[in-house]
């Protein structure tokens with residue numbers, strides 16, 4: 001029986017609509033079949049991930065660090081209480097390169113803490129890196 005290729009599934013939460021759109025565009029330029037679940041706030045993203053009727057475990061979770069209500073580090077803590085997500089790579093994106101933020105996120109379960117790209121080419125490089133994480 002031939003292997004069936006599974007589409008990559010990524011959950012992304014970022015309160016900046018431009019950043020969300022850029023990342024979506026870059027990911028789909030590289031992998032048009034990637035299934036993206038986009039949220040403009042971390043709370044609905046967390047509700048989606050923890051919904052018992054939600055049968056999808058994504059290949060990757062990406063949270064912006066600075067979001068209203070719950071920042072990326074808080075979302076990681078909430079998600080860390082659910083064993084189904086232990087092996088899912090979790091990336092924090094931020095405009096801040098503050099060591100304390102990075103340490104907090106890594107301690108709370110982030111696989112990596114990355115600085116948001118400022119140029120379009122960097123956005124495509126970020127998308128490549130995120131897709132590589134999904135494939136590993």
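Values quoted throughout were computed directly from the atomic coordinates according to the rules given, and no laboratory measurement underlies them. A quick note: this is a predicted structure, and the numbers were derived from the prediction, not measured. All Cβ positions, even for glycine, are placed from backbone atoms using ideal geometry, and neighbour counts span all protein chains on display.
Can you give the Rg and Dmax of segment 76-135 based on its C-alpha atoms, in angstrom?
Both quantities, over Cα of segment 76-135: 12.5, 36 Å.
Mind ordering 99-105, 83-89 by average Cβ neighbours within 10 Å, highest first?
Values: 99-105: 16.0, 83-89: 12.7.
Highest mean packing first, the order is 99-105, 83-89.
Could you rank the peptides 90-96, 127-133 by their average count of other C-beta atoms within 10 Å per residue, with the highest value first? Intermediate values should be presented prior to the final figure.
Numbers: 90-96: 20.3, 127-133: 17.4.
Highest to lowest by the protection proxy: 90-96, 127-133.
Mean residue ellipticity at 222 nm from the helices of the chain, using -39,500 (n - 2.57) per DSSP H segment of n ≥ 4 over the full residue count, to the nearest 500 deg cm²/dmol? Spell out each step's value before the answer.
On the way: 5 runs with 57 residues, N = 136.
Mean residue ellipticity, 222 nm, calculated: -13000 deg cm²/dmol.
Given that just one value was derived from the coordinates, which of [x] 27, 22, 13; [y] 21, 19, 14; [z] 46, 20, 12 is semi-axes √(5λ) of the Cα gyration tensor in Å?
Correct label, based on the coordinates given: [y].
Could you check what % of the DSSP bridge pairs in the chain are antiparallel, to the nearest 5? Walk me through the numbers on the way to the answer.
Values: 0 of 17 bridges.
Within the chain, antiparallel bridges account for around 0 percent of the total.
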